[in-house]
Structure formats: C-alpha cells, structure tokens
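I have placed the structure first, in the form of structure tokens, so that the comments after it can refer back to it.
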Amino acid sequence: MLGATPATAQTTTPVPPAVVTAAPQPATAGGNITISWNNFRPCRIVGPITFTLDGAQVASAASAASGSVGATVPASTTAGSHTIDAYNSCNKVSTGLRVVVPPPPTTTQPPVTQPPVTNPPVTKPPVTRPPVTTTTTAPVTTTTTETTPPSSESPSSSSSEPSNPGDGVLVLDKDNIQPGDPLTATGTGCPKGAKVTLKSLGQDVGDAVADENGEFTSPVRFANIEPGRHKVRAECGITLVGNVDVTLSSSSGGTTSTLVVLLFFLLVGAAMLRRQFTGLRR
C-alpha cells in the first residue's frame with residue numbers, strides 16, 4: 001500500500017492597490033500637470049480612464065494597468081487643496097492637488113526720453129508806424145420827435161396780416177384790453193393738425209393745435225404787458241398777425257370833479273366880493 005502524499009499549501013500574493021499621483025505640487029492655476037496611475041485592474045469592459053479635477057474632466061487616457069497623461073489646471077481654479085479622481089469601469093482612485101495662484105504680471109514702462117527742444121531764433125519784423133491822420137468830427141445834431149400815444153379806438157383786430165395773403169386770418173375777440181383782461185385768439189388757414197404757437201413781445205402767450213379744417217382757438221396770456229398797441233402772431237407753418245391795444249384805467253375823473261367844484265365856489269366868491277365893492281363905491 002502506497003503511503004499518502006501530503007498536500008502542498010498554496011500562497012496567494014496580495015494584489016497591490018491602484019494609485020494615482022499628480023505633479024508638480026503645488027501646481028499653478030492655468031499651468032500644466034502630469035497625472036500618473038499604477039496597478040489598475042484589467043476590466044472586462046474595456047473603456048478609457050477619465051481624470052477629473054473637483055468633478056470637472058481635465059484629461060482621459062486609454063485603459064492600461066499604468067501610465068501617465070498631461071492635463072491643464074483651469075485658470076479659474078482657486079488657491080488651496082483640490083481633488084483629482086481617476087476611474088474607469090472597474091477602478092476609481094483619488095489624489096490631492098494643491099494649487100497656487102500666480103501674482104499678476106508687472107509691466108515696467110521704459111523711461112521716455114525726449115529729445116532736447118531747440119527754439120529757433122526769433123526775428124522781429126521792423127515796426128512801421130502808419131501816418132497820423134487827423135479826423136474832424138462833425139457836430140452832432142439831435143432831433144426830438146414827439147410820439148403820439150396810440151389811440152384807444154383802434155381798427156378791428158380781425159383785419160390781421162397773414163404772412164401769405166389768402167392763407168388764413170387771426171381774429172382777437174377784443175380790440176382794447178386792460179392788463180389782466182381775458183383775451184381769446186381764433187385763427188384759420190393752418191395746415192391740418194399743425195401745432196400753433198402764439199407769440200407777442202418775444203414771449204409765448206398761447207398754443208393750440210389746428211383741427212381738420214385748419215382752425216384753432218386759444219386764450220392769450222400776457223406775462224408782462226405795457227400800454228400801447230401790440231401784435232399777436234400765430235405761427236403754424238404760416239404766420240397770422242392780429243393787433244390789440246392795451247390801456248390803463250384812469251382815476252382822474254374824481255380829481256377833475258373836485259377841481260370843477262372848487263372853481264365854482266371861487267367864481268361865486270369873486271362875484272360876491274365884486275358886488276360889495278361896487279356898493280361901497282356908490
């Protein structure tokens with residue numbers, strides 16, 4: 001009988017873990033790095049190895065047990081510690097990456113050298129004095145002309161003066177007003193829908209819009225007005241003109257009545273004295 005052969009014990013060598021590294025450390029934001037991996041297990045489903053920085057892909061490589069690949073750190077990466085992940089269908093490992101932000105570039109401007117300024121010699125032209133001419137000034141004669149104040153009975157303002165005869169007419173509802181009295185202007189002959197501006201003495205005194213027949217109506221408002229005859233102009237593509245007289249109310253009536261009464265008494269007194277004097281003479 002043959003003796004039994006003792007069983008031989010088998011020793012299993014442990015598989016080293018997969019690792020991934022990144023260099024240089026620290027890396028610069030916007031700079032290049034190299035990612036290396038080792039001990040990746042073979043996968044039944046062959047696919048690429050993906051590398052991400054804080055979850056954003058920065059590189060990929062064909063599936064292999066070990067290797068390396070280049071990547072660029074995004075310029076927007078902040079300074080500090082970040083995580084790089086490497087994975088495929090049957091491997092996933094991580095490593096840390098420390099990032100620094102480079103200082104902004106300093107640009108030194110070269111000194112500006114200006115050429116020396118040479119002023120050209122100044123040549124003064126000879127001074128030629130014009131001959132002296134004696135001018136005799138004729139005596140000034142001043143002529144004074146009396147100006148007749150405007151009459152309160154002015155012609156009707158409805159006889160306006162349009163810029164183009166026959167184009168239209170401007171009618172003021174009063175020929176004579178006192179400061180503060182209301183005054184209304186009515187006109188015809190403007191273009192349909194035209195904006196009408198009323199002016200007098202260089203100031204705007206009213207405005208309106210012409211209707212479909214070219215007619216308009218607007219109150220006339222004087223800011224400051226002096227006695228006398230004034231023109232009111234309506235501008236709407238053509239110019240229509242009307243006249244109005246401004247007068248001040250007179251308070252001389254009461255004074256005149258008082259003078260008449262005093263004069264009456266003076267005449268009566270003179271008559272009585274004359275009779276007394278006549279009686280003494282007799």
Among the numbered criteria (1) touching a Pro at 6+ places or on another chain (Cβ under 7 Å); (2) farther than 25 Å from residue 178 by Cα; (3) loosely packed, with under 14 Cβ neighbours inside 10 Å, which single criterion is violated by residue 213? (1)
Note on segment 27-72: residues assigned to a loop (DSSP other than H, G, I, E, B) and of a type in the set (Gly, Ala, Ser) are 29, 30, 31, 47, 55, 62, 63, 64, 65, 66
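Can you tell me how many residues in segment 170-196 are assigned to a strand (DSSP E or B) and in contact with a Leu (Cβ under 7 Å, 6 or more places away or on another chain)?
At the first step, the residues of segment 170-196 found to be assigned to a strand (DSSP E or B) are 170-172, 176-177, 184-188, 195-196.
Still in the list and also in contact with a Leu (Cβ under 7 Å, 6 or more places away or on another chain): 170, 172, 177, 185, 187.
Residues flagged as assigned to a strand (DSSP E or B) and in contact with a Leu (Cβ under 7 Å, 6 or more places away or on another chain) within segment 170-196 amount to 5.
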If a residue must be assigned to a strand (DSSP E or B) and either free of Cβ contacts under 8 Å to residues at least 24 places away in the same chain or surrounded by fewer than 16 Cβ atoms within 10 Å (Cβ to Cβ) (or both), how many such residues does segment 73-99 contain? 7
Just one of the numbered conditions (1) open to solvent by 60 Å² or more (accessible area, probe 1.4 Å); (2) under 13 Å from residue 232 (Cβ atoms) is not true of residue 177; which one? (1)
Could you figure out which of (1) free of Cβ contacts under 8 Å to residues at least 40 places away in the same chain; (2) in a strand (DSSP E or B) isn't true of residue 223? (2)
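The values are calculated or read from the model by the stated rules, or taken from the named source; none is laboratory data. Note that the structure is a prediction, hence the values are computed from the model and not measured. So basically every Cβ, Gly included, is an ideal-geometry build from the backbone, and we count neighbours across all protein chains shown. Remember, those area values only see protein heavy atoms, side chains included, never the ligands or the DNA or RNA. Shrake-Rupley method; radii C 1.70, N 1.55, O 1.52, S 1.80 Å.
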